[in-house]
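Worksheet: the structure to be examined is printed underneath.
The values are calculated or read from the model by the stated rules, or taken from the named source; none is laboratory data. Remember, predicted model here, so these are calculated numbers, not experimental data. Cβ atoms come from the backbone with ideal geometry, glycine included; neighbour counts cover every protein chain shown.
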């Protein structure tokens, strides 16, 4: 989640960090799925909240605890999210990253990594190649760069993540979505 929409925060003088999960109301099922896996760290279930403008968000936050502080130290430097150089990816983490920040334009896929530095994005491009054999490049999106999965690698990536993609995100897939639910929505 920290490659995508997941946010860790340290509030005020609290020593420990908390995790915030915040998505559009339209993907409640995704927030509920994440909450199910983090509920032991959460005091209250997800709630809807009016955000900026007309956007209605559905979100939850965890308690501030040491395990999130470890991830905060790993992914943040000077309160800014960064990519740790010892990051490992697996098909589940790739699927969550895609559900959080992936987009489809015709047969091409993009990972919206504009918040990361050019060097960090190039590291992620190399990591995709080394870990999964996925060819990617950087693509200019207005002012910033983002990762573009090369068309010839979209099928490879889809095969890796398809069984993890929740039904509410099947529209992002290039090929005809399977009519059954994901193989294992619990991802345990």
| Does segment 155-164 contain any residue that is in contact with a strand residue (DSSP E or B) (Cβ under 7 Å, 6 or more places away or on another chain), more than 14 Å from residue 98 (Cα to Cα) and part of a helix (DSSP H, G or I)? | no
By residue number, the members of segment 8-43 that are under 23 Å from residue 166 (Cα atoms) and either part of a loop (DSSP other than H, G, I, E, B) or assigned by TED's automatic domain parsing to the domain that holds residue 124 (or both) are 42
Filtering segment 36-46 down to residues that are within 21 Å of residue 26 (Cβ to Cβ), surrounded by 12 or more Cβ atoms within 10 Å (Cβ to Cβ) and in contact with a helix residue (DSSP H, G or I) (Cβ under 7 Å, 6 or more places away or on another chain) yields 46
Subset of segment 113-131, residues in a loop (DSSP other than H, G, I, E, B) and either surrounded by 18 or more Cβ atoms within 10 Å (Cβ to Cβ) or in contact with a strand residue (DSSP E or B) (Cβ under 7 Å, 6 or more places away or on another chain) (or both), comes to 113, 114, 115, 116
Within segment 60-78, the count of residues that are surrounded by 17 or more Cβ atoms within 10 Å (Cβ to Cβ) and not in a helix (DSSP H, G or I) comes to 5
Within segment 138-150, of all residues that are part of a strand (DSSP E or B) and out of contact with any helix residue (DSSP H, G or I) (no Cβ under 7 Å at 6 or more places or on another chain), the one nearest to residue 112 (Cα to Cα) is 146
The condition of being surrounded by fewer than 15 Cβ atoms within 10 Å (Cβ to Cβ), assigned by TED's automatic domain parsing to the domain that holds residue 145 and either touching a strand residue (DSSP E or B) at 6+ places or on another chain (Cβ under 7 Å) or under 21 Å from residue 135 (Cα atoms) (or both) holds, among 106, 49, only for 106
Residue hits (segment 132-148; in contact with a strand residue (DSSP E or B) (Cβ under 7 Å, 6 or more places away or on another chain) and over 22 Å from residue 163 (Cα atoms)) are 137, 138, 139, 145, 146, 147
Here the residues within segment 10-46 that are out of contact with any strand residue (DSSP E or B) (no Cβ under 6 Å at 6 or more places or on another chain), in contact (Cβ under 8 Å) with a residue 40 or more places away in the chain and farther than 28 Å from residue 170 by Cβ are 11, 14, 15
Flagged in segment 79-112 as in a strand (DSSP E or B) and free of Cβ contacts under 8 Å to residues at least 12 places away in the same chain, in numbering order, are 80, 105
